[in-house]
1. Output yes when any residue across the stretch 205-212 is over 30 Å from Glu182 (Cα atoms) and within 16 Å of ligand 1 (Cβ to nearest atom), and no when none is.
2. Check whether at least one residue in the stretch 129-144 is among the hydroxyl-bearing types (Ser, Thr, Tyr) and under 15 Å from Ser222 (Cβ atoms), and report yes or no.
3. Please go through the stretch 227-240 and give me each residue that is more than 9 Å from ligand 1 (Cβ to nearest atom) and of a type in the set (Gly, Ala, Ser), ordered by number.
4. Answer yes or no as to whether Ser172 is at pLDDT 95 or above and outside any loop (DSSP other than H, G, I, E, B).
5. Just one of Ala349, Ala344, Ala357 is more than 16 Å from ligand 1 (Cβ to nearest atom) and modelled with pLDDT under 95; which is it?
6. Go through the stretch 172-229 and count every residue that is of a type in the set (D, E, K, R), open to solvent by 40 Å² or more (accessible area, probe 1.4 Å) and in contact with a helix residue (DSSP H, G or I) (Cβ under 6 Å, 6 or more places away or on another chain).
7. Just to be sure I understand, how many residues within the stretch 295-316 are more than 16 Å from ligand 2 (Cβ to nearest atom) and under 19 Å from Ala156 (Cα atoms)?
8. Scanning for something in a loop (DSSP other than H, G, I, E, B), over 15 Å from Val315 (Cβ atoms) and within 16 Å of ligand 2 (Cβ to nearest atom), does the stretch 204-226 turn up at least one residue?
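The values are calculated or read from the model by the stated rules, or taken from the named source; none is laboratory data. Since we're looking at a predicted model, the values are computed, not measured. No Cβ is skipped: glycine too gets one built from the backbone with ideal geometry, and neighbour counts run over all protein chains shown. The protein model used for the area step is the full one, side chains on, heavy atoms only, and it has no ligands, DNA or RNA in it. Shrake-Rupley method; radii C 1.70, N 1.55, O 1.52, S 1.80 Å.
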Amino acid sequence: MEVEAASGSAGEIRWSKLGTSLPVANVQALVASGGELTADQIERYIQPDIDAHAVLPEHSGEVPVIDLGNLLSPEFVEAEVAKLRFACAEWGFFQVVNHGIPDEVITCIKHDIQKFFQLPLEVKNAYAQRPGDLQGYGQAFVVSDDQKLDWSDLLALFAQPTQGRDMSYWPSQPHTFRNSIEDYSMELMKLAQTLNVFIAKTLDVAPELLADKHVAQFLRMSYYPPCTSMPEKVLGFSPHSDGSFMTILLEINSVQGLQIRRSGAWIPVKPRPDALLVNVGDLLEILSNGKYKSIEHRVTINAHKERLSISAFHVPTYGGIISPILGTIEEKVLYKAVGVEEYARLYFANKLEGKKALDYAKLSGI
Ligand code: OGA
Ligand code: NI
């Protein structure tokens, strides 16, 4: 038993060593310096395809809302499971209300993330990403010197399982931060396991089949500074789908920015302070044989207001394999089985380009 646990955690420790990101300018500091950016600096942030698809704010209120209280109630569970199935199949995104995470846990993590990003650059840089590691304060997915850059800074931490943590990246300022990350992380693991049971129900499979899909958790705290001079030309996060099994997002300060791809257009997601936003990741798309879609999303930038968020990427055990679970024997297999480690390597090696990493898992002819 002990031997197993030890080798398991050795695997999980390798999670954050799966990729690296080249160091680039700190965007918050660039904005704070107040001066005009040089033409060369601006060029690296201007995104050419920002207007390639229509933005439809009139649909922003339609993102499905799932009530966890209803899922846990014998009286309402069936109807709510049907809603959850619809949300996963038709939207790939849903808001969870009555999620059961204590208010003080949410308040503390929000407060501490805001405080952290307000610290002077040199204090934050004590936790800077080191080469060959995905954790730390910096930027993600910068793989070449000429690619377009996102208008954001981030702090990434590997949080679960706890044996895989590298505490040298965990800020000790504000002084309550480590505790609030710990509490939030634990609460999300519980929530993910609860959601898992119901996602299994929507797929008509035994919950045990999904039990090992939320073993590891990465946290990404993002700071999207305002961009006064050209907000409509930059992106806080380029279009991508998440390489996780499932992602749980908390909007820290209710500034709208996230947009999801739907029917060829972008739908802005209205922040809901009482909810957590959950999305289907690439690995759940594979497991569900494409019944549930890992939807592309991006983050736009506000001219005057900063935006902050925390994403929790829930991923299966490091050495695991994800393969499609079929509903019936007639169902055609659309994805190949992929090793979790292999998929993560591929995901992190590429600049985010829509759902490119997922193409690798698709069987030819679809
Ligand atoms: C992500 C992501 C969106 C946001 O971290 O993968 O899509 O609103 N974040 O910050
Ligand atoms: Ni994402």
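1. No - not one qualifying residue is present in the stretch 205-212.
2. Taking the stretch 129-144 as the starting set, the residues that turn out to be among the hydroxyl-bearing types (Ser, Thr, Tyr) are 137, 144.
Okay, now just the ones that are also under 15 Å from Ser222 (Cβ atoms), so 137.
Within the stretch 129-144, one or more residues are among the hydroxyl-bearing types (Ser, Thr, Tyr) and under 15 Å from Ser222 (Cβ atoms).
3. Our first condition is that a residue be more than 9 Å from ligand 1 (Cβ to nearest atom); within the stretch 227-240, this holds for 227-235, 238-239.
Selection gives Ser229, Ser238.
4. Against the criterion (at pLDDT 95 or above and outside any loop (DSSP other than H, G, I, E, B)), Ser172 does not qualify.
5. Numbers: Ala344 fails: more than 16 Å from ligand 1 (Cβ to nearest atom); Ala357 fails: more than 16 Å from ligand 1 (Cβ to nearest atom).
After applying the criteria, what remains is Ala349.
6. Taking the stretch 172-229 and keeping what is of a type in the set (D, E, K, R), we get 178, 182-183, 187, 190, 201, 204, 208, 212-213, 220.
From what's left, open to solvent by 40 Å² or more (accessible area, probe 1.4 Å): 178, 182-183, 190, 201, 204, 208, 212.
This time we only want the ones that are in contact with a helix residue (DSSP H, G or I) (Cβ under 6 Å, 6 or more places away or on another chain), so: 183, 201.
The number of residues fulfilling the criteria is 2.
7. To start, the set of residues in the stretch 295-316 that are more than 16 Å from ligand 2 (Cβ to nearest atom) comprises 302-306, 316.
Keeping just the survivors that are under 19 Å from Ala156 (Cα atoms) gives 306, 316.
So the answer is 2.
8. Here is the first cut: in the stretch 204-226, the ones in a loop (DSSP other than H, G, I, E, B) are 204-206, 214-215, 225-226.
With the extra rule that they be over 15 Å from Val315 (Cβ atoms), the set shrinks to 204-206, 225-226.
Still in the running and within 16 Å of ligand 2 (Cβ to nearest atom): none.
No, the stretch 204-226 contains no residue that is in a loop (DSSP other than H, G, I, E, B), over 15 Å from Val315 (Cβ atoms) and within 16 Å of ligand 2 (Cβ to nearest atom).
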